[in-house]
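Some notes on the structure that comes next.
The numbers here are math on the coordinates, done by the rules we state, and not lab data. All values reported here derive from a predicted model rather than from experimental measurement. Cβ placement follows ideal geometry from the backbone for every residue including glycine, while neighbour counts extend to all protein chains displayed.
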Amino acid sequence: MRKIFVALSLIICCHSLFAQDKTLIVQGTSPNLYLLHIVAPKENYYSIGRLYNTSPKEIAPYNSLQFDKGLTIGQTIKIPLSQNNFTQSDRQGLPVYHIVGIKEGLYRVSVNYNKIPIDELKKWNNLSGDAAVAGTKLIVGYLKAGNEAISPAQKAPNINTPDVVQNNPKPKPETPKEKVIVKITEKEKVPDVITKEPVKEKSGNETIVPANNNAIDFSGGFFKKMYGDQTKNKSSVSESGTVAVFKTTSGWQDGKYYCFHNTALPGTIIKITNTGNGKSVYAKVLDAIPDIKQNTGLLLRISNAAAMELGAGDKFDCSISYSK
């Protein structure tokens, strides 16, 4: 009799859940990531905790609720994502998605979700370039669900994209809707941006970025050939303006230079020329320039290793060109 009761309970629970939208859409930014769940009939903290493999007594305080007062049908609650129920190291569990915003590249997605290696994002989502189409769903991790079936109600933004999550716990990642704009051949990780300013040296009135890790002259950098491939038989855009530097550990030993630019798509290679001395480097666009006060009026932000090869300081004038 007990076995029959348990079986019936599971059937009722699963039926109520599968009647809802099945896509898991992540909310928030790291480290405060969570999912939304709409309480169904006969659900409580314990049954929901089992679904999401999380402690029921963590759900109440996370939602500023009193555990002993229970839940009401139709109530929307947040389910915290932690190391106990969320993984970004393997593909075990149910895929958790992020809806791509306008002008949002894989670099920005990586930074917002615990710095997932860009190569992992590409593998999970069958991508070969750094660009992502606004409105599409990208897998950013996997929910380690409990023993019961799970299909929580998610109210995603009003974007017309098809659901791709299946009942199989290991579904195939969604295929991008458009052709990837930029192809890359090398395996790369998100460059580590240094937030702490290094010690600066002054030469006359000019501020010089200190030579880090015994920088080498890479004759334009690793992406020079890729720039030639991207611009071959294509129209190019030329711009000029002020450049500022961001600190990173990348580029000093391998010549892989990176930049932020507001109109070139992520993955585009930009030729950057110091108008003061005519030196040029080639840098890959990671994302748009962060919208903060310090960046007002800037054409570009480049890595300090690139600035070193250009023989420039923290801020200088340049001309740039890249393919449309």
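Key figures
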{"item": "Residue order, fewest to most surrounding Cβ atoms within 10 angstrom, among Phe67, Phe218, Phe86", "result": "Phe67, Phe218, Phe86"}
{"item": "Size of electric dipole in segment 201-323: Cβ of Lys, Arg +1 and of Asp, Glu -1, about Cα centre, debye, nearest 20", "result": "260 debye"}
{"item": "Footprinting exposure proxy for Leu121, Leu71 (fewest neighbouring C-beta atoms within 10 Å first)", "result": "Leu71, Leu121"}
{"item": "Contact order relative to length of segment 257-323, as percent, for alpha carbon pairs under 8 angstrom and 6 or more apart", "result": "44 percent"}
